[in-house]
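Inspection log for the structure reproduced underneath, given as structure tokens.
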Amino acid sequence: MIDFDWLFFLEVSLAGLGSGALLALTGLSFVLIYKATRAVNLAIGEMLMIGAYAFFSFSAGLGLPWWAAVPAALACGGLLGAVIERAVIRPMLGESAISVLMVTIGLGSVLIGAVELLWGADPAQLPDFMGTSPVFLGPAYVSRKIVIGFAVAATVITLFILAFRFWRGGVALRATATDQGAAYSCGIDVPVVFSMAWVFAGVAAAGAGILVGAVGGISPAMGIFGLSALVVVIVGGLDSVVGALIGGVLVGLIEAWTGTYLGGEFKTLITFGLLIAVLMVRPYGLFGTVEIERL
Amino acid sequence: MSITRRTALALALATATTLAGAPARAADDIVIAGSMPLTGVFAFAGIGVHAGIQDYVKIVNDAGGIAGRKVVYVAEDTAYKVDQSVAVFNKLTSQNKVNLYYGDSTGFAKTINPELNRLGTMMMAGASFATELNDPKAYPLQFMAGPDYTEMVGILLQYIAKTKPGAKIAFVHSDTEFGRDPIGPSEAHAKKLGLDVVVKIVTPPTAVDVSTEILKLRRADPDFTIFHGYVLAPLPEFMNQAKQLGLKTKFMGTFWSMDNSLWGKVGEAADGFMGVMPYRYYYDAEGKSPMLEKIRAMRPEYQSTPYLQGFLTTMLYLESAKRVLEGGKELNGPNLKAALNSIKDFDTGGIIGTPITITGNSIPVGRVYRYDAVKKAMLPNSDWIQLGK
């Protein structure tokens, strides 16, 4: 048998888990909005970018410490979600899913333009707030940012899963997702639920943006990361929070293994191959609800 | 077709707006037009190039133009999309008698080439240093104001072979046309110079996290890692993690990732980053650089490397135009290109620190600079290297 480097494999897998967690967190924003409002939000990558730039302004611009800049950026993300829902999405209520989808594509362009106007077109780096000393799990090296990213993503997703199960607001959101008419008749304020979904999605996207920006830097083009997350949620199931987590980890691991053993040029090929395979076997995603209407 | 009053009014209004919008232009103006990526993924470069062209045009016009003819520059945003670049090209060339054109990408340069040859009225350069374009037979009316990407890597390899013979090299490139461009020929070049290419790492264009790539790099343990196909990200993260792991490799890049202000924002991790630059930096004070002095007088704040690229491109455009007019020839594409190729031991006013000769479509000259985080500046780390000499 050839000598297989298990330590290397372990390190690669840990790195894959970490980047998968970032994908899962971004995927969570997709899922929150889709679950509540049945809108596919293709501007999620750009919402993530705004969160990263907001953090950049608070930390590098205003000189706030990270523990103040992070909540401020998350609040901006939430506010952005609320504004988008109220100003752009709610007037589209009752329109076809394709119309809403097209609106979100346009919204993405608007957000990119806004970033270029406000912050300029140059790429930049977020201030280092996670420390630089390497982390070793036993003999295996893991990037510190990736460990932190994984911990944050896992915590946030767990919180959301618990909220959907036990919190009144979470239950209201699930009820609205299942049957809007029935939810109305039970006294659930559906428009408020819609707003809430967008606000939480905005916060999750901003959080993901800060993590993604800390690892990969920020630029008006960073929203393209949202495209990778779209794969994750389609694989996991567009309306499943658990699906986003498992889909993210799965895609992260597969990308890491592919990149290492086949070469980086195969990453996209294999990822989208997986997407097609899952769509053929389970068109609603691994954990999605069966009656999801495909676009 | 009957014309209603409303259509007539609309037509009249449209005509009036067009006439009012178009600046008065003399028939013998020399026109430079450009498809400029002022927004989109390459806006960082487009904005700099745009300013560089404007400034050189202003310098020339203030000095009386070219053979008494005024130079006019018109450009529109393309968002770095080929279809939009082509639309801008069609619009600007139909509205103006364009002599010189600036294209924003390799894709555009390749797409527009047949049309450029068919028209035969203008010479074109642009933001692309693609190796493929450095072929005077296939691209007879185009050029690039610097070395092509393979030549850029060639300059780095030559530097490495001289400073550390037999060194181990890693190539890290993006999985794009831009990223793949120099890799094949550079591998062969490295071998010829006695260097050992130990690993080639490809990153997808959407890549954010580079942890797995760093692990590969750590196993290969190269002396030098050459990046190509990026502006900034993911280079800083590579360098951060490499530092965490104590890797001894030195990181290098090519022109588009060499801007001083970008690395200034990276801070400490940028220290030691090296790369190839075909031009001097805005702040370089060594030697005689009358052009840099002019730029500094016009713009007291730092100007980016794309700015210098736009500035030098325009200098070469107008030097060619001057030679054509002095020769009493018609200002068209083939004549402009022939004039460009007559440039021999030309002094760029210090933008390039050595006299240049353009025999084909590129200027295979460059110098290795190294970023000093304490001084917050890219500083020269080699002499000017001319390939083929």
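Within straight cross-link reach of B:Lys191, meaning Cα distance under 20 Å, which aspartates and glutamates are found once same-chain residues fewer than 8 apart are removed?
Leaving aside aspartates and glutamates fewer than 8 places away in the same chain, those within reach of B:Lys191 are B:Asp148, B:Glu151, B:Asp181, B:Asp221, B:Asp223.
Give me the percent relative contact order of segment A:34-223, please, defined on Cα pairs under 8 angstrom at least 6 residues apart.
Computed value for segment A:34-223: 46 percent relative contact order.
Per-residue ellipticity at 222 nm for the protein assembly as shown, helices alone: DSSP H runs ≥ 4 residues times -39500 (n - 2.57), over residue total, nearest 500 deg cm²/dmol?
The helix contribution divided over the protein assembly as shown gives -17500 deg cm²/dmol.
Taking +1 at the Cβ of each Lys and Arg and -1 at the Cβ of each Asp and Glu, which of A:Ile254, B:Thr150, B:Gly64 sits farthest along the dipole of the protein assembly as shown towards its positive end, judged by Cα position relative to the Cα centre?
Going by the charge dipole, the pick is B:Gly64.
If I take every Cα pair under 8 Å that is 6 or more residues apart in segment A:217-295, average their sequence separation and divide by the length, what percent do I get for the relative contact order?
Taking the mean separation of contacting Cα pairs over the length of segment A:217-295, I get 35 percent.
With the cut-off at 25 Å, tell me which of the pairs B:Lys200/B:Lys248; B:Lys137/B:Lys200; B:Lys137/B:Lys344 have Cα atoms farther apart than that.
Going by Cα-Cα distance, B:Lys137/B:Lys200 fall outside the 25 Å limit.
Can you list residues whose amide H is under 5 Å from B:Lys250's amide H, if they're 5+ apart or on another chain and H is modeled 1.01 Å from N?
B:Phe224, B:Thr225
Taking every pair of Cα atoms in segment A:34-223, average 1/r, invert it to obtain the Kirkwood radius, and report Rg/Rh to two decimals.
In segment A:34-223, Rg relative to Rh is 1.02.
Which percentage, to the nearest 5, of the DSSP beta bridges contained in the protein assembly as shown is antiparallel?
If we restrict to bridges inside the protein assembly as shown, about 35 percent are antiparallel.
Would you list the P(r) distribution for segment B:67-175, with all Cα-Cα distances sorted into 5 Å bins from 0 and each bin expressed as a whole %?
In whole percents, the pair-distance histogram is 2, 10, 19, 19, 15, 11, 8, 7, 5, 3, 1, 0.
For helix B:149-163, what angle does its Cα long axis make with the longest principal axis of chain B, in degrees from 0 to 90 and rounded to 10?
Between helix and principal axis, roughly 30 degrees.
Hey, fewest Cβ within 10 Å first, where do A:Thr178, A:Thr26 land in order?
Exposure proxy ranking, most exposed first: A:Thr178, A:Thr26.
Is any residue of segment A:137-157 close enough, with backbone N under 16 Å, to a label point placed 7 angstrom from the Cα of A:Leu10 along the Cα-Cβ axis, and if so, which?
Answer for segment A:137-157: A:137-143.
Note down the nm distance, to one decimal, between modelled labels 7 Å out along Cα→Cβ at B:Glu115 and at A:Met92.
Between B:Glu115 and A:Met92, the label points sit 3.3 nm apart.
Apply the Kirkwood formula to segment A:11-118: the hydrodynamic radius equals the inverse of the mean of 1/r over all pairs of different alpha-carbon atoms; give it in Å with one decimal.
One over the average 1/r among Cα pairs gives 15.2 Å for segment A:11-118.
Counting only residues 5 or more places away or on other chains, whose amide H sits under 5 Å from the amide H of B:Thr203 once H atoms are built in the peptide plane?
Under 5 Å from the amide H of B:Thr203 lie the amide H atoms of B:His173, B:Ser174, B:Asp175, each far enough along the sequence or on another chain.
What does the structure give for A:220-227 when I average, per residue, the other chain Cβ atoms found within 10 Å of the residue Cβ?
4
From zero up to wherever the largest Cα-Cα distance of segment A:10-54 sits, split into 10 Å bins and tell me the percent of pairs in each.
26, 41, 26, 8
Step through the table entries B:Lys168/B:Lys265; B:Lys164/B:Lys192; B:Lys58/B:Lys322; B:Lys110/B:Lys322; B:Lys216/B:Lys243, compare each Cα-Cα distance with 18 Å, and write down the pairs that go over it.
B:Lys168/B:Lys265; B:Lys110/B:Lys322
Out of segment B:226-307, which GluC sites (Glu not before Pro) are coil in DSSP terms and have no more than 12 other C-beta atoms within 10 Å?
B:Glu286, B:Glu301
Compute the signed sum of charges (Lys and Arg +1, Asp and Glu -1) over the other residues within less than 15 Å, Cβ to Cβ, of A:Ser228.
Neighbourhood net charge equals -3.
According to the square roots a ≥ b ≥ c of the eigenvalues of the Cα gyration tensor, what is the shape class of the protein assembly as shown, taking rounded for a/c under 1.5, prolate for a/b larger than b/c otherwise, and oblate for the remainder?
Here the protein assembly as shown falls in the oblate category.
If you find the alpha carbon centre of segment B:285-309 and of segment B:95-124, how far apart are they in angstrom?
28 Å
Near B:Lys162, which aspartates and glutamates are there with a Cα under 13 Å away, not counting those fewer than 8 places off in the same chain?
In chain and number order, the partners are B:Asp383.
Share of antiparallel DSSP beta bridges in chain B, in percent to the nearest 5?
That works out to approximately 25 percent antiparallel.
Kindly state, as a whole number, the per residue volume in cubic angstrom of the convex hull around the alpha carbon atoms of chain B.
160 Å³
Contact order normalised by length for chain B, with contacts defined as Cα pairs under 8 Å and 6 or more residues apart; what percent is it?
18 percent
How large is the dipole of segment A:34-223 about the Cα centre if only Lys and Arg carry +1 and Asp and Glu carry -1, each at its Cβ, rounded to the nearest 20 debye?
500 debye
Using amide H atoms built 1.01 Å from N in the peptide plane, name the residues 5+ places from B:Ile66, or on other chains, whose amide H lies under 5 Å from its own.
Excluding prolines and chain starts, which carry no amide H, the hits are B:Val71.
How far is helix B:106-119 tilted off the main Cα axis of chain B, in degrees rounded to 10, range 0 to 90?
40 degrees
We did not get these values from a lab; they are worked out from the coordinates using the rules stated. Keep in mind that what you see is a predicted model, and the values were worked out from it rather than measured. For neighbour counting, all protein chains shown are included, and Cβ atoms are generated from backbone atoms with ideal geometry for every residue, glycine included.
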